[in-house]
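Below: the structure, in structure tokens.
The values are calculated or read from the model by the stated rules, or taken from the named source; none is laboratory data. Nothing here was measured: the structure is a model prediction, and the numbers come from that model. Cβ: placed from backbone, ideal geometry, glycine included. Neighbour counts: every protein chain shown.
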């Protein structure tokens with residue numbers, strides 16, 4: 001019990017961040033037109049690619065002779081980058097198609 | 001100097017977090033969506049570069065820069081190429097793969113950190129590592145199965161009692177986690193750890209395997225949310241605010257999005273995840289071929305050329321045939337002939353919500369011609385011809401009148417209300433959800449078999465000749 005309380009005490013800012021982020025996520029997403037469900041999912045997918053920072057730290061703090069950590073970390077950074085880069089690029093490609101088209105009003109100026 | 005670097009890094013992370021929030025907010029509106037995605041990407045770039053340059057651990061900068069740079073380049077090149085090259089129809093699968101990669105990343109981080117756990121480190125530290133491992137594995141293997149299903153490589157598979165079996169597997173995993181945390185010494189610790197890894201991966205596979213292919217978008221969205229939580233575990237592990245914000249934000253947004261998607265289909269999440277078990281028997285009974293009548297291309301062309309109002313109902317068949325441009329051509333041709341043409345877009349037509357909108361937008365179809373479910377259903381009673389292009393489950397009346405159907409309760413497009421229904425399909429085979437469609441044997445329905453693109457091209461030629 002004490003360890004848990006200590007943990008919460010030491011990381012209290014983290015807990016605030018977690019709780020506020022939960023509400024923020026819910027607030028931000030509600031009322032999305034169904035047209036945007038796929039791009040939104042894809043965009044959110046890219047954002048959780050921020051886990052790559054963990055991968056960079058994991059490999060970056062490994063001793064240069066800790067080959068297991070280096071190999072695993074190397075793979076982790078590759079797949080993390082795939083998640084980030086692929087995610088953002090594919091989302092952009094989807095949204096590229098939503099570019100606002102001005103309604104092409106064929107003006108037949110009856111000015112004959 | 002060092003502390004200034006640390007402060008600068010904190011600022012980078014702060015800007016990154018704000019960029020994620022703003023980006024996600026903007027992604028939820030059609031006008032700002034693209035910019036929102038770019039803002040998130042910029043925030044991500046800042047956070048990554050900041051970490052590379054400024055991160056210090058005990059006053060030491062990062063090691064192994066060569067490896068990191070190599071991995072970044074490899075990942076970026078492969079990621080960009082696949083994301084750019086893949087066909088629009090295959091995009092749902094791709095999102096699934098990228099999500100799985102995030103999960104795998106969490107797993108690998110957990111393995112590295114597990115091997116580094118020092119003697120007497122806090123139990124909670126181990127707990128976070130294990131949570132990242134468990135959630136990441138499920139997300140990874142589940143996403144891979146979802147990918148296989150969407151690309152047609154893996155079929156739905158369920159055995160009796162699988163539901164219970166899955167729960168047992170999950171219970172064993174959780175037991176092992178508790179066992180490891182309590183420091184049980186009978187079995188070597190690494191053995192238990194990798195046991196958790198293997199069982200979690202297995203659970204991910206078993207969890208997704210029985211769920212119907214048509215429900216994969218919901219599953220992907222759910223797994224997306226899981227990866228978000230795994231990322232947040234990483235944030236706790238490294239005391240890293242940007243990972244924490246990004247992870248939790250996606251975790252909660254993904255969860256809500258999952259529920260919204262289910263609502264769009266008028267089903268509950270439970271029904272999607274577990275419903276497949278009961279429906280299996282009903283769906284797999286070999287359906288006898290329903291009676292149906294066919295229509296020739298020229299008859300269809302004549303009917304369409306002289307109609308007043310036509311509603312086009314696109315589905316996955318249109319996407320597979322890459323017929324969106326041809327479809328737009330037909331639409332323009334009919335409009336020149338004075339026919340009113342609109343598109344009826346079911347929210348889950350295709351393989352993902354919004355799939356059809358993306359596809360038709362690609363072909364330059366005007367935005368205001370795309371009607372959503374309710375708007376379309378208002379229009380059908382005054383429609384002369386409903387032209388269904390490779391859609392099936394979203395127009396299946398079983399969703400309204402057959403309680404034993406796996407799609408029962410889903411809102412459908414009431415195409416039957418229009419005077420005439422022309423259905424273009426490749427064969428009489430049942431749709432993606434594997435159920436018969438009574439619409440095809442309705443008296444006002446005519447079938448027009450063939451590949452959507454070829455059929456549309458022939459229709460165009462015929463109509464031009466009239």
Hey, does segment B:138-151 have a residue that's over 20 Å from residue B:209 (Cα atoms) and more than 7 Å from every other protein chain (Cβ to nearest Cβ)? no
With the structure loaded, tell me whether residue B:301 is closer than 24 Å to residue B:150 by Cβ and touching a helix residue (DSSP H, G or I) at 6+ places or on another chain (Cβ under 6 Å) or whether it fails that test. no
For segment B:368-380, does any single residue satisfy the condition of being part of a loop (DSSP other than H, G, I, E, B), touching a residue at least 12 places away in the same chain (Cβ under 8 Å) and more than 14 Å from chain A (Cβ to nearest Cβ)? no
Considering residues that are outside any loop (DSSP other than H, G, I, E, B) and crowded, with 21+ Cβ neighbours inside 10 Å, the number found within segment B:302-321 is 10
Please pick out the residue among A:110, A:38, A:91 that is more than 7 Å from every other protein chain (Cβ to nearest Cβ), modelled with pLDDT under 95 and either outside any loop (DSSP other than H, G, I, E, B) or over 29 Å from residue B:65 (Cβ atoms) (or both). A:110
Have a look at B:99, B:63 and point out the one that is modelled with pLDDT of 95 or more and at the interface with chain A (Cβ under 10 Å from one of its Cβ atoms). B:99
Within segment B:352-364, residues being in contact with a helix residue (DSSP H, G or I) (Cβ under 7 Å, 6 or more places away or on another chain) and either in a helix (DSSP H, G or I) or buried (at least 24 other Cβ atoms within 10 Å of the Cβ) (or both) number 9
Within 14 Å of chain A (Cβ to nearest Cβ), within 22 Å of residue B:110 (Cβ to Cβ) and crowded, with 18+ Cβ neighbours inside 10 Å, is that true of residue B:182? no
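I'd like to check something: does segment B:122-133 contain any residue that is free of Cβ contacts under 8 Å to residues at least 12 places away in the same chain, surrounded by fewer than 24 Cβ atoms within 10 Å (Cβ to Cβ) and either assigned by TED's automatic domain parsing to the domain that holds residue B:320 or farther than 26 Å from residue B:251 by Cβ (or both)?
No; the residues of segment B:122-133 include none that is free of Cβ contacts under 8 Å to residues at least 12 places away in the same chain, surrounded by fewer than 24 Cβ atoms within 10 Å (Cβ to Cβ) and either assigned by TED's automatic domain parsing to the domain that holds residue B:320 or farther than 26 Å from residue B:251 by Cβ (or both).
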Restricting attention to segment A:14-35, which residues are at pLDDT 85 or above and more than 7 Å from chain B (Cβ to nearest Cβ)? A:15, A:16, A:19, A:20, A:23, A:27
Selected residue [outside the structural domain of residue B:391 (by TED's automatic domain parsing), within 23 Å of residue A:19 (Cβ to Cβ), in a helix (DSSP H, G or I) and under 26 Å from the mean Cα position of the chain (by Cα)] from B:234, B:204, B:142: B:234
